[in-house]
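The structure appears right after this line, and notes come after that.
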Amino acid sequence: MALLQIAEPGQSTVPHQHRLAVGIDLGTTNSLVATVRSGVANTLADDQSRHSLPSIVRYTDDGIQVGAEAESYSAQDPQNTIISVKRFMGRSLSDIQSGSQDLPYRFEASENGLPLFVTKQGQVNPVQISAEILKPLILRAEKTLGGDLEGVVITVPAYFDDAQRQGTKDAAGLLGVKVLRLLNEPTAAAIAYGLDSGQEGVIAIYDLGGGTFDISILRLNKGVFEVLATGGDSALGGDDFDHLLHHYLLNEWQLATPSATISRQLLIEARRIKEQLTQDTEVTASLTLEDGSQLQHKVTRALFESLIGKLVKKTISSCRRSLRDAGIKIDEVLEIAMVGGSTRVPMVRQHVADFFARAPLTSIDPDSVVAIGAAIQADILVGNKPESDLLLLDVLPLSLGIETMGGLVEKVVSRNTTIPVAKAQEFTTFKDGQTAMAFHVVQGERELVDDCRSLARFTLKGIPPMAAGAAHIRVTFQVDADGLLSVTAMEKSTQVKSSIQVKPSFGLTDMEISAMLKDSMANAKQDITRRMLAEQQVEAARVLETLTAALSKDADLISADEGVVIEKSMAELAQVAALDDTDAIEKAIKTLDACTQDFASKRMDNSIRLALTGKSVDSI
Amino acid sequence: MNYFELFSLTPSYDIDTALLAERYHELQRAVHPDKFANSSEQDKRIAVQRTAQVNDGFSTLKDPLSRAEHILALAGIDLRHESTTVKDTQFLMQQMEWRESLEDIAHSEDPDAMIAELYASFNVYSNCISQDLAGLLLSHSESDLAAAADLIRKLKFMAKLQVELERIEDAQFD
């Protein structure tokens with residue numbers, strides 16, 4: 001006798017299928033991939049049982065090496081072995097060259113002034129190099145889990161600006177991987193720690209990695225992880241400690257113009273000393289020069305601390321500012337969790353302990369906790385835990401503003417505003433008959449445009465000619481849950497939607513992205529057209545599935561006439577989705593989208609009402 | 001948009017902030033984009049828009065100054081783009097004094113103490129204004145609301161001072 005399956009109302013009768021999704025910690029020094037299996041999140045190892053992948057890419061005549069293999073050639077072939085590429089993401093070539101670090105690479109500038117590394121495999125940009133690091137991690141996951149991934153969550157420093165976030169997302173896009181969410185690293189760590197400990201209340205995550213520093217203050221309450229404030233420095237990390245020691249030893253040994261190989265060797269040695277000094281109070285640095293001569297120098301922990309003291313102090317200043325922004329007093333912080341390899345440095349721990357007046361929590365693995373947190377969120381976002389009550393409320397790390405007269409910044413969205421956020425600003429024309437208007441969007445806290453980061457410039461065109469001051473242009477800045485900005489504009493009196501072309505100041509142009517996509521596809525198993533068709537088919541199925549469910553549940557929200565129109569468009573979409581014309585599917589989705597817009601809004605309003613149903617106006 | 005309605009709260013200057021936070025989380029659970037990760041692009045788009053609205057509502061109601069402004073806006077008095085200024089001479093004198101104190105911080109022997117002192121005086125003064133404001137905002141009479149608008153303008157001056165002080169404090173850290 002067949003057993004009847006009885007499902008809860010509103011739930012599918014189809015047995016729940018586990019979808020494959022991973023979290024990736026794309027780090028400055030090391031990268032990791034993790035996933036949730038049988039309810040437990042773990043990092044995944046490669047076939048040699050190694051979990052962490054050095055974020056190092058080497059371009060040779062024969063191909064591309066990544067990870068430990070590339071690392072072993074780091075000193076031998078520094079020009080073609082790119083380390084710490086994360087520090088170049090979303091940065092211009094002039095930003096990089098004005099930095100204090102000596103870099104062994106040969107650079108060219110792209111059209112937008114982005115750095116291009118000249119390697120044995122030609123010119124590559126930071127997005128492409130990052131994609132090379134992601135690639136083996138994704139392959140590792142697919143091999144271990146035995147199937148294609150439905151999506152990934154990639155972590156980024158909380159303090160990453162728009163260009164740095166966009167670059168990270170573009171890197172995954174090059175591999176054809178669906179990014180479910182860009183997740184801030186300290187927030188990821190908070191998820192892993194919070195769920196594990198069951199802690200409720202205010203916690204601080206101090207995250208000092210290889211190249212970036214973040215401090216986030218969160219309130220944990222019944223599954224809600226609410227970031228109250230975040231701060232940091234996207235160019236401060238253990239790397240800088242290495243460079244300071246490197247610089248010091250070059251001076252001591254009077255090596256004014258070391259070769260690229262010697263310089264890289266010394267950098268590797270500096271890192272070894274830093275790591276050794278977490279255990280010992282004195283370590284001998286040694287270096288073999290090209291002529292075979294040996295250099296040696298004793299480095300004490302006290303000396304190392306005098307070198308890095310200023311940077312460590314800077315992180316404490318960020319902690320103080322973030323607490324103030326969060327409106328939290330030091331004694332309200334229940335726990336300070338230390339994340340990132342550089343928190344192993346004793347001086348860092350000491351200063352954090354002194355500032356917060358309590359011992360920081362160092363029992364969690366500072367290297368893997370971010371990937372674990374990302375895996376937990378990926379598992380939920382992909383739909384494996386529909387009953388989960390986890391909710392992440394994150395913030396914008398840096399204020400968004402626009403340039404006004406005299407090179408001043410007018411803030412549109414302030415830092416530590418919870419995202420997603422949308423803010424509208426009104427502008428008017430300056431001259432009679434003016435039909436275009438130029439905008440410059442910047443990110444940062446300073447008052448002068450030159451002191452902030454330029455995000456994008458765009459020109460608003462097609463403003464109807466009117467007298468000066470008569471046109472009212474409403475520009476809406478929207479930041480999504482990934483922390484990415486988009487801009488739309490409308491002339492209010494005529495309701496004319498103006499076209500905006502956003503030209504990212506330090507991002508890739510659409511042309512560059514499509515060229516890179518073609519390049520990456522040339523070697524891939526699928527070609528680009530097939531991938532785009534598949535994507536549209538998946539979206540079509542999703543649209544139809546969502547709508548069918550919505551119609552059976554909320555049919556009362558639409559009129560009979562509307563229902564007929566929707567049913568007809570749905571049938572048309574179902575028909576073209578079975579064929580292989582990508583454009584036709586896209587068009588049918590758009591048509592259906594247009595006639596269901598109202599219905600979808602009403603449903604959302606309904607769920608807002610339902611959320612507070614039964615709650616009287618004054619109290620519960 | 002009436003944010004009190006969105007959060008199912010009685011429009012009032014004195015609100016239960018714990019209840020506000022609770023409602024905020026409930027609304028977020030209904031609309032946050034993470035809850036629509038597997039939905040159509042349309043649903044995702046609307047989720048982002050609604051969440052942005054809920055976030056804006058929460059930050060408007062959470063902060064006393066923007067909450068007061070919102071109550072006046074609901075009564076038809078929009079203070080956002082106005083050019084009216086405060087005419088209270090005594091208040092303006094006090095503002096000037098504080099501005100001078102802000103400039104003196106840089107030359108002070110103990111800037112931290114001075115910053116802490118100023119935060120405290122700003123706080124006391126703002127609280128005084130807030131107490132008067134709470135009463136006026138309960139009224140529906142035109143003159144009371146006009147008086148409330150005047151107090152809100154004063155609170156805006158205080159908010160600017162506060163921002164300026166924070167900026168100076170930040171400079172102390174660096």
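In this structure, A:VAL283 does satisfy being free of Cβ contacts under 8 Å to residues at least 24 places away in the same chain, open to solvent by less than 20 Å² (accessible area, probe 1.4 Å) and either in a strand (DSSP E or B) or in the same structural domain as A:LEU208 (by the TED database) (or both).
Restrict the check to region A:402-414 and report whether at least one residue is touching an Asp or Glu at 6+ places or on another chain (Cβ under 8 Å), open to solvent by less than 10 Å² (accessible area, probe 1.4 Å), within 14 Å of chain B (Cβ to nearest Cβ) and closer than 24 Å to A:SER486 by Cβ. No - not one qualifying residue is present in region A:402-414. Out of the residues in region B:12-22 that are of a type in the set (A, V, I, L, M, F, W, C) and open to solvent by 20 Å² or more (accessible area, probe 1.4 Å), which is nearest to the other protein chains (Cβ to nearest Cβ)? The qualifying residue nearest to the other protein chains (Cβ to nearest Cβ) is B:ALA21. Taken together, the criteria place A:LEU195 among residues that are closer than 20 Å to B:GLN28 by Cβ, in a helix (DSSP H, G or I) and open to solvent by 10 Å² or more (accessible area, probe 1.4 Å).
Per-residue answers, yes or no, for (1) assigned to a helix (DSSP H, G or I); (2) in contact (Cβ under 8 Å) with a residue 40 or more places away in the chain; (3) within 9 Å of chain B (Cβ to nearest Cβ); (4) touching a His at 6+ places or on another chain (Cβ under 8 Å):
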residue	(1), (2), (3), (4)
A:GLU567	yes, no, no, no
A:LEU579	no, no, no, no
A:ASP583	yes, no, no, no
A:LYS587	yes, no, no, no
A:ASP593	yes, yes, yes, no
A:LYS602	yes, yes, no, no
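Based on this model, can you work out whether A:ILE376 counts as in contact with a Leu (Cβ under 9 Å, 6 or more places away or on another chain), within 14 Å of chain B (Cβ to nearest Cβ) and open to solvent by less than 50 Å² (accessible area, probe 1.4 Å)? The answer is yes for A:ILE376. On the given criteria, is A:ARG349 touching a Pro at 6+ places or on another chain (Cβ under 8 Å), on the phi < 0 side of the Ramachandran plot and free of Cβ contacts under 8 Å to residues at least 24 places away in the same chain? It is true that A:ARG349 is touching a Pro at 6+ places or on another chain (Cβ under 8 Å), on the phi < 0 side of the Ramachandran plot and free of Cβ contacts under 8 Å to residues at least 24 places away in the same chain. Looking only at region A:214-233, decide whether some residue is of a type in the set (Gly, Ala, Ser), more than 14 Å from chain B (Cβ to nearest Cβ) and surrounded by fewer than 24 Cβ atoms within 10 Å (Cβ to Cβ). Taking every residue of region A:214-233 in turn, none turns out to be of a type in the set (Gly, Ala, Ser), more than 14 Å from chain B (Cβ to nearest Cβ) and surrounded by fewer than 24 Cβ atoms within 10 Å (Cβ to Cβ). Restricting the search to strands (runs of 3 or more DSSP E) fully inside region A:63-155 and requiring at least 3 residues that are surrounded by 20 or more Cβ atoms within 10 Å (Cβ to Cβ) gives A:81-83, A:115-119. Any residue that is at pLDDT below 95 and not in a helix (DSSP H, G or I) - is there at least one of those in region A:165-176? Checking region A:165-176: at least one residue is at pLDDT below 95 and not in a helix (DSSP H, G or I). The number of residues in region A:339-375 that are assigned to a helix (DSSP H, G or I) and farther than 23 Å from A:VAL152 by Cβ comes to 14. Taken over region A:96-149, the residue count meeting the criterion of being of a type in the set (Gly, Ala, Ser) and in contact with a Leu (Cβ under 7 Å, 6 or more places away or on another chain) is 7. With touching a residue at least 40 places away in the same chain (Cβ under 8 Å), closer than 23 Å to A:PRO366 by Cβ and outside the structural domain of A:ARG87 (by the TED database) as the only criterion, which of A:LEU228, A:LEU295, A:LEU267, A:LEU244 stands out? Within the list A:LEU228, A:LEU295, A:LEU267, A:LEU244, the selection yields A:LEU244. The test for being modelled with pLDDT under 95, crowded, with 20+ Cβ neighbours inside 10 Å and touching a helix residue (DSSP H, G or I) at 6+ places or on another chain (Cβ under 9 Å) holds for A:THR29. The set of residues in region B:50-81 being facing chain A (nearest Cβ under 10 Å), among the aliphatic types (A, V, I, L, M) and out of contact with any strand residue (DSSP E or B) (no Cβ under 8 Å at 6 or more places or on another chain) consists of B:VAL54 alone.
Limited to region A:293-338, what total is found for residues that are among the hydrophobic types (A, V, I, L, M, F, W, C) and either in a helix (DSSP H, G or I) or open to solvent by 40 Å² or more (accessible area, probe 1.4 Å) (or both)? Final tally of qualifying residues: 13.
Could you go through region B:33-50 and let me know if any residue there is under 22 Å from the mean Cα position of the chain (by Cα) and within 23 Å of A:ASP480 (Cα to Cα). Yes, that holds for at least one residue. Taking B:HIS25 as the residue in question, decide whether it is touching a helix residue (DSSP H, G or I) at 6+ places or on another chain (Cβ under 9 Å), within 10 Å of chain A (Cβ to nearest Cβ), open to solvent by less than 50 Å² (accessible area, probe 1.4 Å) and closer than 30 Å to A:THR548 by Cα. No; evaluated as a whole, the condition is false for this residue. Scanning region B:28-46 for residues that are under 17 Å from A:ARG609 (Cβ atoms) and more than 7 Å from chain A (Cβ to nearest Cβ) yields a single hit, B:LYS35.
Only one of the listed residues (B:ALA47, B:ALA37) is open to solvent by 10 Å² or more (accessible area, probe 1.4 Å), of a type in the set (A, V, I, L, M, F, W, C) and either outside the structural domain of B:LEU136 (by the TED database) or under 26 Å from A:ALA21 (Cα atoms) (or both). That residue is B:ALA37.
Take the residues in region B:60-72 that are open to solvent by 50 Å² or more (accessible area, probe 1.4 Å) and assigned to a helix (DSSP H, G or I), then tell me which one is nearest to A:THR417 (Cα to Cα). Across region B:60-72, the extreme among qualifying residues is B:LYS62.
The values are calculated or read from the model by the stated rules, or taken from the named source; none is laboratory data. Quick caveat: nothing in here was measured; it's all calculated off a predicted structure. For neighbour counting, all protein chains shown are included, and Cβ atoms are generated from backbone atoms with ideal geometry for every residue, glycine included. SASA here: full protein model, heavy atoms, side chains in, ligands and nucleic acids out. Shrake-Rupley method; radii C 1.70, N 1.55, O 1.52, S 1.80 Å.
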